[in-house]
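The values are calculated or read from the model by the stated rules, or taken from the named source; none is laboratory data. Note that the coordinates shown come from a computational prediction; the quantities given were computed from them, not determined experimentally. Glycine also receives a Cβ, built like all others from the backbone with ideal geometry; neighbour counts cover every protein chain displayed.
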Amino acid sequence: MNLQNVKLFWKKLRKYWTLPFRLIIRNETNLHDSFSFRLSPRRILVIGTLFSLLIIMLTAILIAVTPLRVYVPGYTNPVEYKLYRQILSRLDSIERTNAMRKMYLDNFQNVLNDIVLFEEMNAPNEEVSEKRIKDKENAEQAFKQVNDAAEQLLIEIADRTTKTYIPLSQYVALPTFAFTMPALGYITKQFSVYNKHFGIDIENEKGTLITAIADGVVIGAESSEKEGYILVIQHSGNIISQYRNLDLLLKKVSDKVKSGDPIATMGNKGKESEKPYLHFEIWYNGTPLNPVEYFLR
């Protein structure tokens with residue numbers, strides 16, 4: 001179809017668009033007009049469109065409110081729909097039951113590990129015992145003392161013009177002194193006293209096994225809203241290792257550990273943790289050390 005034919009078609013359409021016609025139904029026996037109706041192409045288009053929309057609406061209503069919808073592909077029959085609702089309700093009940101059981105097991109594990117969650121102390125509309133209030137006050141006071149000690153330590157380090165850290169050799173000569181890595185992974189944040197980051201961050205997948213760097217005794221196992229579970233181990237020679245942002249504790253206070261023993265798993269339960277990682281610190285006589293300098297290579 002060329003352009004000339006198209007122009008000719010539109011010309012005829014515009015010519016006959018409003019041209020009136022009459023539809024007549026005539027009785028052949030007596031030539032009497034039984035019915036007549038005035039039509040035009042425009043009126044036929046309008047009436048046809050309205051009739052089509054009416055048919056579509058009636059069909060949709062018929063399918064929606066009558067059992068005929070069972071025969072339409074994609075619709076579920078009433079029996080199957082009722083069964084689906086029952087299964088959905090049971091599944092929701094199972095999920096709530098599993099959540100309650102998980103909460104119970106977590107609380108049971110906290111009791112076994114002597115862990116007190118501060119969120120429970122701040123729970124609204126619950127009676128809190130005087131002992132828990134006192135424990136919370138003691139914990140807050142202990143945290144304040146630690147922060148004060150850390151600030152004092154930073155002042156002393158600044159006075160000694162130390163840029164990063166105080167090496168262990170300044171206090172005691174240990175030429176063969178070395179630790180094993182606490183976990184496999186990538187070191188994503190280095191040790192920096194200037195930035196108040198007294199350890200290193202080792203990133204890996206959640207559940208990665210964390211091991212003790214040397215022989216020692218567990219002297220601390222607690223939970224922090226900011227850093228998840230925390231484990232502290234006392235080693236010989238006034239050396240302390242700290243493991244933070246843990247997901248699961250495998251040791252409790254007073255447990256003896258050997259170098260390489262599994263003690264926890266890596267996680268991201270802390271509020272500031274977006275990815276699973278281990279925050280690891282080494283302290284000697286109250287001074288933070290750069291762990292990278294004392295790892296076995």
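Scan region 1-17 and give yes if some residue there is in contact with a Leu (Cβ under 7 Å, 6 or more places away or on another chain) and either outside any helix (DSSP H, G or I) or of a type in the set (Gly, Ala, Ser) (or both), otherwise no.
No; the residues of region 1-17 include none that is in contact with a Leu (Cβ under 7 Å, 6 or more places away or on another chain) and either outside any helix (DSSP H, G or I) or of a type in the set (Gly, Ala, Ser) (or both).
Among the numbered criteria (1) modelled with pLDDT under 75; (2) in a helix (DSSP H, G or I), which one does Tyr75 miss?
Just one mismatch for Tyr75, condition (2).
Considering only region 181-297, give the strands (runs of 3 or more DSSP E) lying wholly within it that have at least 2 residues that are surrounded by 13 or more Cβ atoms within 10 Å (Cβ to Cβ) and under 29 Å from the mean Cα position of the chain (by Cα).
186-189, 200-203, 209-211, 216-224, 228-235, 239-249, 262-266, 277-284
Would region 246-268 turn up any residue that is within 23 Å of Asp148 (Cα to Cα) and not hydrophobic (A, V, I, L, M, F, W, C)?
No, that holds for no residue.
Would you call Gly286 among the small types (Gly, Ala, Ser) and farther than 22 Å from Asp106 by Cβ?
When the stated conditions are applied, Gly286 passes them.
Could you check, for region 110-125, whether at least one of its residues is touching a Leu at 6+ places or on another chain (Cβ under 8 Å) and modelled with pLDDT of 70 or more?
Yes, region 110-125 contains at least one residue that is touching a Leu at 6+ places or on another chain (Cβ under 8 Å) and modelled with pLDDT of 70 or more.
Write out, first by first residue and then by second, each pair whose Cβ atoms fall under 6 Å of each other, whose residues are 6+ apart or on separate chains, and whose first residue, in region 227-239, is free of Cβ contacts under 8 Å to residues at least 12 places away in the same chain while the second is part of a strand (DSSP E or B).
Close Cβ pairs satisfying both conditions: none exist.
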